[in-house]
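Before any comments, here is the structure.
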Amino acid sequence: MNFLAHLYLSGNIPPVQVGNFIGDHVKGRDYEKYAPLIKQGILLHRKIDHFTDTHPVVKQSTQRLKERYGRYAGIVTDVFYDHFLGVNWDKYNDISLNKFVSQSHKVLLRHYFSLPAGVKRFLPFMVKSRRLETYATKEGIKKSLEIMANYSSLPHEAHWGLQQMELHYDAFNEEFLSFFHELRMMVDEELSLIEI
């Protein structure tokens with residue numbers, strides 16, 4: 001799952017949201033340096049990633065992207081799934097995507113000085129462009145894939161990737177809905193163990 005899903009899957013607990021958001025940028029046991037609830041968010045992020053990476057439905061989605069993305073196909077699937085979360089947002093949340101993104105931005109900016117350096121670098125641009133909100137559009141997904149390719153080793157295949165999403169749009173959406181139902185059940189169980 002990508003940024004939007006990790007923020008959503010934090011049970012509206014701000015420090016858990018922060019940890020869940022920064023999870024990819026905290027390696028090994030470095031999570032122990034953070035406050036307890038941020039630490040819980042980082043560990044939750046890792047559980048979400050493991051559940052996602054090993055799920056047969058996600059593997060089915062990822063298979064369609066292997067031809068040009070190879071070992072990075074799972075990362076692109078994560079981005080696509082954020083798109084389908086945005087598209088299906090009203091099924092999962094009573095507040096609008098716009099309002100949720102604004103609230104998430106406030107939480108992250110309040111914790112700005114405790115964020116890892118890599119997150120500090122991109123967060124202002126993400127907030128200004130409202131990238132999380134643009135995930136709900138195909139153009140927003142294309143732009144995200146282009147940005148990721150420019151700043152990482154992700155192949156420059158955004159145009160092809162978007163073609164695949166459009167070609168298999170209904171299948172990706174159905175796979176997302178099926179998988180996300182199971183993921184939410186797992187996360188709800190994890191969140192119930194967190195002491196606030």
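The values are calculated or read from the model by the stated rules, or taken from the named source; none is laboratory data. The model shown is predicted, which means the values in this text are computed figures rather than measured ones. With ideal geometry, Cβ positions are generated from the backbone for all residues, glycine too; neighbour counts draw on all protein chains shown. Heads up: the accessible areas ignore ligands, DNA and RNA and are worked out on the full protein's heavy atoms, side chains in. Shrake-Rupley method; radii C 1.70, N 1.55, O 1.52, S 1.80 Å.
For the range 19-62, what does the convex hull of the Cα positions come to per residue, in cubic angstrom?
Details: hull volume 3.0 nm³, N = 44.
Here the figure is 67 Å³ per residue.
Annotation: lysines with alpha-carbon distance below 29 angstrom to residue 120 (same-chain offsets under eight excluded): 27, 33, 39, 47, 99, 106, 128, 138, 142, 143.
Heavy-atom accessible area, probed at 1.4 angstrom with all protein chains present, ranks 189, 195 as 195, 189, highest first.
Considering only protein heavy atoms and a probe of 1.4 Å, how much of the accessible area of the chain is carbon and sulfur, as a whole percent? Write out the running numbers ahead of the final one.
On the way: 5200 of 9950 Å².
C and S atoms contribute 52 percent here.
A dipole drawn for the chain from +1 and -1 charges on Cβ atoms has a positive end, and of 119, 196, 37 the residue lying farthest that way is 119. For helix 73-87, report the angle its Cα long axis makes with the longest principal axis of the Cα atoms of the chain; keep it between 0 and 90° and round to the nearest 10°. Once rounded, one gets 80 degrees. Farthest toward the positive end of the dipole of the range 60-196, out of 100, 165, 149, is the Cα of 149, where the dipole comes from beta carbon charges about the Cα centre.
From its DSSP helices (H runs of at least four residues, each -39,500 (n - 2.57)), the chain gives a residue-normalised ellipticity at 222 nm of -22000 deg cm²/dmol. Taking the 0 to 90 degree range and rounding to the nearest ten, how far is the long axis of helix 117-129 tilted relative to the main principal axis of the chain, both from C-alpha atoms? It is inclined by approximately 60 degrees. Taking square-rooted eigenvalues a ≥ b ≥ c of the alpha carbon gyration tensor, is the range 1-95 rounded, prolate or oblate, where a/c under 1.5 means rounded and, failing that, a/b exceeding b/c means prolate? Oblate, because a/c is 1.5 or more while a/b does not exceed b/c. Out of every Cα-Cα pair that the chain contains, those further apart than 31 angstrom amount to 12 percent.
Please calculate how many Å² of accessible area the range 99-154 carries per residue, with a 1.4 Å probe and no DNA, RNA or ligand atoms counted. Don't skip to the answer; put the middle values down first.
On the way: 3100 Å² over 56 residues.
Dividing the accessible area of the range 99-154 by its residue count gives 55 Å².
If you wrap the range 121-196 in the convex hull of its Cα atoms and look at it from every side, the mean projected area works out to 7.3 nm².
Remind me, relative contact order of the range 1-149 in percent, using alpha carbon pairs under 8 angstrom and six or more residues apart? Show your work: numbers first, answer last.
Values: 147 pairs, mean separation 36.8, N = 149.
The value is 25 percent.
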